[in-house]
């Protein structure tokens, strides 16, 4: 069975600090996809990134970067020079590619960025 | 409009009321989902529709009744709800992996309906 663990529940940083959000996953499938979503106070989950299990290249998008390591089953998300607008709940999620597989979410990490 | 829209954004209803939540996606996807998000709980998948056919009912009480008239619209009909049903109800869509065309696994979410049952 698939599982996503986000051990951190709440993180508070001061603006301009770097912050890393951890995600550890479990799956028996060799082919799967990992995601990060952002949920601002407005409620909508915003898709940030998708990574497939065969692509371990790290990715950078502006102030956001993702570190995917299959050896440790982790898919961590780093925000560089955090801003107040980054304050949100961040979810890591996993989906296997078998028939009728479902998107499994972690419990989310509440990030507060203080001015 | 673009993306996934949901109406109403906020809803307060009594336990004896009947109401419906509406979701519309403008992404050309063929799979749609209802999720429930309660305070301090993980996202719970409620229903999945693929090509308008329900493929998943995650042990949801019968007081929640989904309807999917076409691939772009999804409804959640509510009746005789309980206070513990108060939550954020999120709709999502994706391009089903069996569509024969391009496939993707990411789901795109609407802004949600904040439901309060009194």
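What the table below lists for this structure:
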read-out	value
Overall Cα dimensions of the range B:1-110 - principal axes, largest extent first, Å	44, 29, 27
Chain B, relative contact order [Cα under 8 Å, separation at least 6], %	36
Residues A:86, A:55, sorted so that the one with the fewest Cβ neighbours within 10 Å comes first	A:55, A:86
For chain A: relative contact order, % (alpha-carbon pairs under 8 angstrom, 6 or more apart)	38
Principal axis dimensions, the protein assembly as shown - Cα atoms, whole angstrom, descending	49, 45, 34
Rg/Rg_ref, the range B:1-48, where Rg_ref = 2.2 N^0.38 Å and atoms are Cα	1.36
Hull shadow area, averaged, chain A [alpha-carbon convex hull, nm²]	7.0
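A short reminder: the numbers here are calculations on the coordinates, not readings from a lab. Keep in mind it's a predicted model, so treat the numbers as computed, not measured. Glycine also receives a Cβ, built like all others from the backbone with ideal geometry; neighbour counts cover every protein chain displayed.
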